[in-house]
Amino acid sequence: MANQEDLFKNIISHAKEYGFIFPSSEIYDGLSAVYDYGQNGAELKKNIREFWWRSMVQMNENIVGIDAAIFMHPTTWKASGHVDAFNDPLIDNKDSKKRYRADVLIEDAAAKLEDKIKKEVEKAAKRFENFDEAMFRSTNGRVVEYQKKIDEINTRFKTAMENNDMAEMKQIIVDLEIVCPISGTRNWTDVRQFNLMFGTQVGSVAEDSSTIYLRPETAQGIFVNFLNVQKTGRMKIPFGIAQTGKAFRNEIVARQFIFRMREFEQMEMQFFVRPGTQKEWYEQWKAARMNWHRAMGFDASKYRFHDHVKLAHYADAACDIEFEFPFGFKELEGIHSRTDFDLANHEKFSGKKLQYFDPELNQNYVPYVVETSIGLDRMFLAIMSTAYTEEKLDDGSGRVVLNLPAFLAPIKAAVLPLLNKDGLPEKAKEVIDLLKYDHIITSEEKDTIGKRYRRQDAIGTPYCITVDHQTLEDNTVTIRERDTMKQERVSIDRLPEIIDARVSMKHVLKKLA
Ligand code: GAP
């Protein structure tokens, strides 16, 4: 098995080779941090979105879904705080003219020291029997020195970020002697705050036009529609509004493939609750969301909670569900108890009341909100990178297989005529027609049957149905299972029931309920 860095490269190549993800406008050399989903990627992404939507909206009577516009009145972003505070600290190297996120340069410098410690620990672990890592870390001179430096960097960095102290951020970069990876020099500009929202002009005449933004999150489309949905849907608190859709951020450090993109898709749900009950709901949603992730069937050790210690000014609790990507544990989903910050601010900026009359309390109030927010592309990467497996087989050959959860796989079954003659393709077509109303089915006639199985393994197709000469005699086919490669012979009449039982989303949703 390749090391993690090589493995990640292999996953990216595989995603392209098998029609999952292409660089955007590749014929023009691509556009940084923007990607297109190919024929298989679009299906997988659609299935993940559908699983989220069905488990949120269809499975919960008190959650409804909306589809708000990407463009919103510009004051929305003043009220939400994005115009004033949705910033990244940036620094330029004067020689290479390259722009970097100052916080990332500092974090990378600390990570390099962590790597040095890791290497010392690994070296020592090989040398000594009964190796005591904690003892080694606290007594080895070099390791103690590195750790001291990391702690110092972290403390200074945290204070600088909290105080919005850009001069201190620059000083940390100078003190750490960080060089530009391109020019190799330390010729840095000052650190400046840079707003992440993309702005554009609305209106055809320059004088009449005004700046509007491409939304940086879908959540605000829910907040501004809170009362519309509550009144027209006769919703009683507690209730939720869900939405999936594109969001845009001018990310400066765009790396790690689809992990951090400039155009991405979010799946967000705002749950409106009575003030004072938000802590309970926050705990309930933490548990519910973790259960949803576990339904993928991946090892439980791939997920962990990261509780935020320093909270945004509007939150009274927040955590991330982190996932172990090939480049380490990183945020996959955020769960935030956002108090009444957004609705109260929209009330203030719009001058319109955004309150709920609670018949049980006989009083009006601005509801509190617990938010669950997940990136669809990031979820795609979590699934794709975990499913990607390079396998050595007993006969000495190898295969690459995508062990995708069957209910999410882009294609549920491939129908393969053993030979491209003798009436087998025509019989295969009958089988496709039997299944295609319920599932995405494909067919392939080119290449040996073994090569066709491998291709479907690489796409993650859970079942290959082979039509052979016996099929013409007794109306049976073989079904080959992707992960075990085991084959069974079944009657064609039973295929709809067998495939449905093994690939349908409803069975997973039932288990989740
Ligand atoms: N409404 C809250 C909100 O937007 P966030 O932590 O900024 O919170 C939520 O984003 C989720 O959106 C993240 O956990 C991540 O999965 C996804 N996300 C954020 N920025 C992203 C980016 N540049 N590329 C891909 N996904 C992103």
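The values are calculated or read from the model by the stated rules, or taken from the named source; none is laboratory data. A quick note: this is a predicted structure, and the numbers were derived from the prediction, not measured. For neighbour counting, all protein chains shown are included, and Cβ atoms are generated from backbone atoms with ideal geometry for every residue, glycine included.
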| said: So, in the range 412-435, how many residues would count as being crowded, with 16+ Cβ neighbours inside 10 Å, of a type in the set (D, E, K, R) and outside any helix (DSSP H, G or I)? | reply: 1
| remark: For the range 230-264 the number of residues that are among the aromatic types (F, W, Y), more than 8 Å from the ligand (Cβ to nearest atom) and not in a strand (DSSP E or B) is 1
| Filter result (buried (at least 22 other Cβ atoms within 10 Å of the Cβ) and either within 10 Å of the ligand (Cβ to nearest atom) or not in a helix (DSSP H, G or I) (or both)) within the range 339-350 | D342
| request: May I ask you to list the residues in the range 174-191 that are in contact with a strand residue (DSSP E or B) (Cβ under 8 Å, 6 or more places away or on another chain) and surrounded by fewer than 15 Cβ atoms within 10 Å (Cβ to Cβ)? | output: V174, I182, S183, T185, N187, T189, D190
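Could you tell me whether the range 276-295 includes any residue that is among the hydrophobic types (A, V, I, L, M, F, W, C), farther than 20 Å from I63 by Cβ and surrounded by 12 or more Cβ atoms within 10 Å (Cβ to Cβ)?
So far as the range 276-295 goes, no, none of its residues is among the hydrophobic types (A, V, I, L, M, F, W, C), farther than 20 Å from I63 by Cβ and surrounded by 12 or more Cβ atoms within 10 Å (Cβ to Cβ).
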| request: Could you tell me which of the residues L381, L418, L408 is in contact (Cβ under 8 Å) with a residue 24 or more places away in the chain and either within 14 Å of the ligand (Cβ to nearest atom) or among the charged types (D, E, K, R) (or both)? | output: L381
| Which condition does L354 not pass, out of (1) surrounded by 14 or more Cβ atoms within 10 Å (Cβ to Cβ); (2) without any contact (Cβ under 8 Å) to a residue 60 or more places away in the chain; (3) away from the ligand (no atom under 15 Å from the Cβ); (4) among the hydrophobic types (A, V, I, L, M, F, W, C), if it passes all the others? | (2)
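I'm checking my understanding of the structure. Among residues of the range 155-185 that are part of a helix (DSSP H, G or I) and at pLDDT below 90, which one is nearest to K118 (Cα to Cα)?
Within the range 155-185, the subset part of a helix (DSSP H, G or I) is 155-162, 166-175.
The next check asks that each one be at pLDDT below 90; those that pass are 158, 161-162.
Details: K158: 23, M161: 27, E162: 29 Å.
Of everything passing the filter in the range 155-185, K158 is nearest to K118 (Cα to Cα).
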| How many residues does the range 477-488 hold that are in contact with a helix residue (DSSP H, G or I) (Cβ under 8 Å, 6 or more places away or on another chain) and part of a strand (DSSP E or B)? | 3
| request: Being surrounded by 17 or more Cβ atoms within 10 Å (Cβ to Cβ), in contact with a Ser or Thr (Cβ under 6 Å, 6 or more places away or on another chain) and farther than 23 Å from R399 by Cα is the filter here, so list the residues in the range 477-508 that pass it. | output: V477
| Of the residues in the range 31-48, how many are of a type in the set (D, E, K, R) and buried (at least 17 other Cβ atoms within 10 Å of the Cβ)? | 2
| Within the range 56-93, tally of residues that are out of contact with any helix residue (DSSP H, G or I) (no Cβ under 6 Å at 6 or more places or on another chain) and within 30 Å of Q171 (Cα to Cα) | 10
| Within the range 369-376, is even one residue over 30 Å from K9 (Cβ atoms), more than 11 Å from the ligand (Cβ to nearest atom) and surrounded by fewer than 19 Cβ atoms within 10 Å (Cβ to Cβ)? | no
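Mind checking which residues of the range 489-501 are assigned to a helix (DSSP H, G or I) and of a type outside the set (D, E, K, R)?
Restricting attention to the range 489-501, the residues satisfying the condition of being assigned to a helix (DSSP H, G or I) are 492-501.
Selection gives I492, L495, P496, I498, I499, A501.
Let's see how each residue does on (1) assigned to a helix (DSSP H, G or I); (2) outside the structural domain of R215 (by TED's automatic domain parsing); (3) in contact (Cβ under 8 Å) with a residue 24 or more places away in the chain; (4) crowded, with 16+ Cβ neighbours inside 10 Å:
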{"site": "A69", "(1), (2), (3), (4)": "no, no, yes, no"}
{"site": "S96", "(1), (2), (3), (4)": "no, yes, yes, no"}
{"site": "A111", "(1), (2), (3), (4)": "yes, yes, no, no"}
{"site": "E114", "(1), (2), (3), (4)": "yes, yes, yes, no"}
{"site": "K118", "(1), (2), (3), (4)": "yes, yes, no, no"}
{"site": "A124", "(1), (2), (3), (4)": "yes, yes, no, yes"}
{"site": "F131", "(1), (2), (3), (4)": "no, yes, no, no"}
{"site": "V144", "(1), (2), (3), (4)": "yes, yes, no, no"}
{"site": "K148", "(1), (2), (3), (4)": "yes, yes, no, no"}
| Complete set of residues in the range 46-81 that are farther than 24 Å from A409 by Cβ and basic (K, R) | K78
| note | Residue hits (the range 186-229; away from the ligand (no atom under 14 Å from the Cβ), outside any strand (DSSP E or B) and modelled with pLDDT of 95 or more) are R186, N187, T189, D190, V191, N225, F226, L227, N228, V229
| query | Among (1) in a loop (DSSP other than H, G, I, E, B); (2) closer than 28 Å to F198 by Cβ; (3) in contact with a strand residue (DSSP E or B) (Cβ under 8 Å, 6 or more places away or on another chain), which single condition is K45 missing? | reply | (1)
| query | Of the conditions (1) touching a Phe, Trp or Tyr at 6+ places or on another chain (Cβ under 6 Å); (2) in the same structural domain as D95 (by TED's automatic domain parsing), I212 fails just one. Which one is it? | reply | (2)
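If I filter the range 320-340 for residues that are aliphatic (A, V, I, L, M) and over 24 Å from the mean Cα position of the chain (by Cα), do I get at least one hit?
no
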